[in-house]
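Beneath this line is the structure, given in structure tokens, with notes to follow.
The values are calculated or read from the model by the stated rules, or taken from the named source; none is laboratory data. Everything quoted here is computed from the prediction, not taken from an experiment. All Cβ positions, even for glycine, are placed from backbone atoms using ideal geometry, and neighbour counts span all protein chains on display. These accessible areas exclude ligands, DNA and RNA; they are computed on the full protein's heavy atoms, side chains included. Shrake-Rupley method; radii C 1.70, N 1.55, O 1.52, S 1.80 Å.
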Amino acid sequence: MASVGVITRVLLGKNAINKVAAANTGFVKFYSTAPAYENIKVEVVGTKSNVGLIQLNRPKALNALCGPLFEELGQAVRDFDSDEKIAAIVITGNEKAFAAGADIKEMQNNTYSSNQKKGFLKSWEDVSNCGKPVIAAVNGFALGGGCELAMLCDIIYAGEKAKFGQPEINIGTIPGAGGTQRLPRYVGKSKAMEIVLTGNFIDAHEAEKMGLVSRVFPVEKLLEETIKLAERIGTHSPLIVKMAKQAVNQAYETTLKSGLQFEKSLFYGTFATEDRKEGMTAFVEKRPPSFKNE
Ligand code: CO8
């Protein structure tokens, strides 16, 4: 894990720096200290220390997404989004589970009115509102809310033993955090219907073939490759990366005509930035660009 091993800073909640003894989980080094979070681990990784890594950390419950976990995840995403040194965010789980869904034990006694009153699922918006690229590194189960969380991310990389599914139908409910809406956009109506109506799981290679996942790696390589992807994105202008993300996301929100108009406005807009000027000047001068996020 040489390239992943460069972990220079440990984020504790709001960017406190704390260097402590490392504990090896088997695929990346995490630092053991009094945790700022109970349900996730958060740190900065990458050779340039510009990748925010969030590991879901309820291994005994297969990372079931309880409310406190989601609140912590939202906080961590917001912190990384507002940290200028961070170029991209990676969300991962462990080798057995990315996340096996919403916490069934927690929601077992919910009622229609308690869902309405508590605004159940509200904190999920933090991940989709993030301006920076968010990449899911999925090993093991990504089921129900776990699959939906992966789909909230901008790119999904998977380990070859990953399993995706929307098994809510087995427990008398339906996907509630985007599964019925995002999945058809990824894989088309017929496949999405099959997945949602049967509750069957699909493996990583099927998921890649369907377009749900962009690449599949050996389990032990997944996180390293995902961090490399985040680092590659981090070589570009953060400002322009943000605009590119907005433009692609717009394709899911609008008609082709207004999407093309939106894209053109953003494209023209890049010409008002220093980074566009620097990028093209560097190309003409045959040198690497030096972006200033301006
Ligand atoms: N919620 C709570 N606990 C869970 C969950 C879950 N989703 N999944 C697993 N666990 C727990 C088990 O209860 C078990 O705990 P314990 O040891 O205390 O009994 C532990 O994790 C290990 O699980 P298993 O023993 O079942 O492990 P197996 O390897 O035998 O099976 C499976 C793995 C196939 C993943 C199995 O655990 C399973 O089917 N889990 C449930 C999957 C599921 O139905 N997910 C969908 C949940 S509903 C949902 O996500 C709705 C989303 C709506 C919006 C999101 C809101 C937050």
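Listed values, structure above:
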| quantity | calculated |
| --- | --- |
| Calculated SAXS-style log₁₀ I(q)/I(0) at q = 0.16 Å⁻¹ - the stretch 102-241, Debye, Cα scatterers | -0.88 |
| Descending semi-axes in Å of the chain, equivalent ellipsoid built from Cα gyration tensor | 31, 25, 18 |
| For q = 0.11, 0.21 Å⁻¹, Debye-computed log10 I/I(0) when each Cα of the stretch 208-294 counts as one equal scatterer | -0.46, -1.04 |
| Signed unit charges on C-beta, dipole axis of the stretch 77-179, positive-most listed residue A177, Y112, A162 | Y112 |
| q = 0.17, 0.18, 0.29 Å⁻¹, the stretch 123-167: log10 I(q)/I(0) [Debye, one scatterer per Cα] | -0.45, -0.50, -1.04 |
| Where only alpha carbons of the stretch 65-172 are counted, the Rg and the Dmax (Å) | 14.3, 44 |
| Qualifying lysines (Cα of each under 25 Å from Cα of K163; at least 8 residues distant if same chain) | K29, K41, K60, K96, K105, K189, K191, K209, K221, K228 |
| For V213, residues with placed amide H under 5 Å, excluding near neighbours | E208 |
| 1.4 Å probe accessible area per residue over the chain, in Å² | 52 Å² |
| Per-residue HN-Hα couplings for the stretch 41-50 [Karplus 6.51, -1.76, 1.60; θ = phi - 60°; Hz; x = Gly/Pro] | 10, 10, 7, 9, 10, x, 4, 9, 6, 10 |
| Percent accessible area from carbon and sulfur atoms, the chain, protein chains only, probe 1.4 Å | 55 percent |
| Label point distance in nm, Q261-F283, each placed 7 Å from Cα along Cα→Cβ | 2.8 nm |
| Heavy-atom accessible area order for Y186, Y268, Y112, largest first, 1.4 Å probe | Y112, Y268, Y186 |
